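K.L.:
Once you've had a glance at the structure underneath, I'll fire off some questions.
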Amino acid sequence: MIDDLGLAPMTDAERRDLLEVLEERHGHASTMVTSQLPVEHWHEQIGDPTIADAILDRLINNAHKINLSMKGDSLKKICRLDLKDRL
């Protein structure tokens, strides 16, 4: 599970580590990725175009994309308010 991909720009070491992990899993295991950044912006956010191509090739091909959107207050905020009322 890769949570919040693209939250911050990646360093060269992070790009290479991610590519290595995805390379090992590619064709052998599923990888779930969450991101607040639209897929169209991942390449730019990853940085190095050559490594970004390789990473996205392994992530996007044969992927199932599920878009979740939330309107209104975040669930964390709602739960925090509910917890405050109980204390």
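K.L.:
So, in Å, what gap is there between the alpha-carbon centers of the stretch 48-78 and the stretch 1-30?
P.N.:
So the separation of the two Cα centres works out to 12 Å.
K.L.:
Can you return the aspartates and glutamates within cross-link range of LYS71? Criterion is Cα-Cα under 12 Å, with same-chain partners fewer than 8 residues away left out.
P.N.:
Those aspartates and glutamates meeting the cut-off do not exist here.
K.L.:
If you don't mind, there's one more thing I want to ask. In nm, to one decimal, how far is the VAL39 label point from the ILE51 one, both placed 7 Å along Cα→Cβ?
P.N.:
Result: 2.3 nm between the two label points.
K.L.:
Ok, one more. What do you get for trypsin sites (Lys or Arg not before Pro) in the stretch 8-66 restricted to DSSP loop and a cutoff of at most 10 other Cβ within 10 Å of the site's Cβ? Walk me through the intermediate numbers first.
P.N.:
Values: sites: ARG15, ARG16, ARG25, ARG58, LYS65; in loops: LYS65.
Taking the stretch 8-66 and a limit of 10 other Cβ atoms within 10 Å, the loop trypsin sites (Lys or Arg not before Pro) found are LYS65.
K.L.:
Where nothing but the Cβ of Lys and Arg (+1) and of Asp and Glu (-1) is charged, how large is the charge dipole of the chain around its Cα centre, in debye to the nearest 20?
P.N.:
Numbers: 11 positive and 16 negative charges, 135 e Å.
Approximately 640 debye in magnitude.
K.L.:
At q = 0.11, 0.24, 0.25 Å⁻¹, what log₁₀ I(q)/I(0) does a Debye calculation on the Cα points of the chain give, no solvent, two decimals?
P.N.:
Ignoring solvent entirely, the Cα scatterers give -0.41, -1.24, -1.33.
K.L.:
On to the next question. Figure the gain on full extension for VAL21 and ILE66 (residue separation times 0.36 nm, minus the Cα-Cα span) and round it to one decimal in nm.
P.N.:
Full extension of this stretch gives 14.0 nm more.
Read-outs throughout are calculated quantities, based only on the coordinates presented, and are distinct from any laboratory measurement. For clarity, every value in this text was computed on a predicted model and none was experimentally measured. Cβ sites come from the backbone with ideal geometry, for glycine too, and all protein chains shown count toward neighbours.
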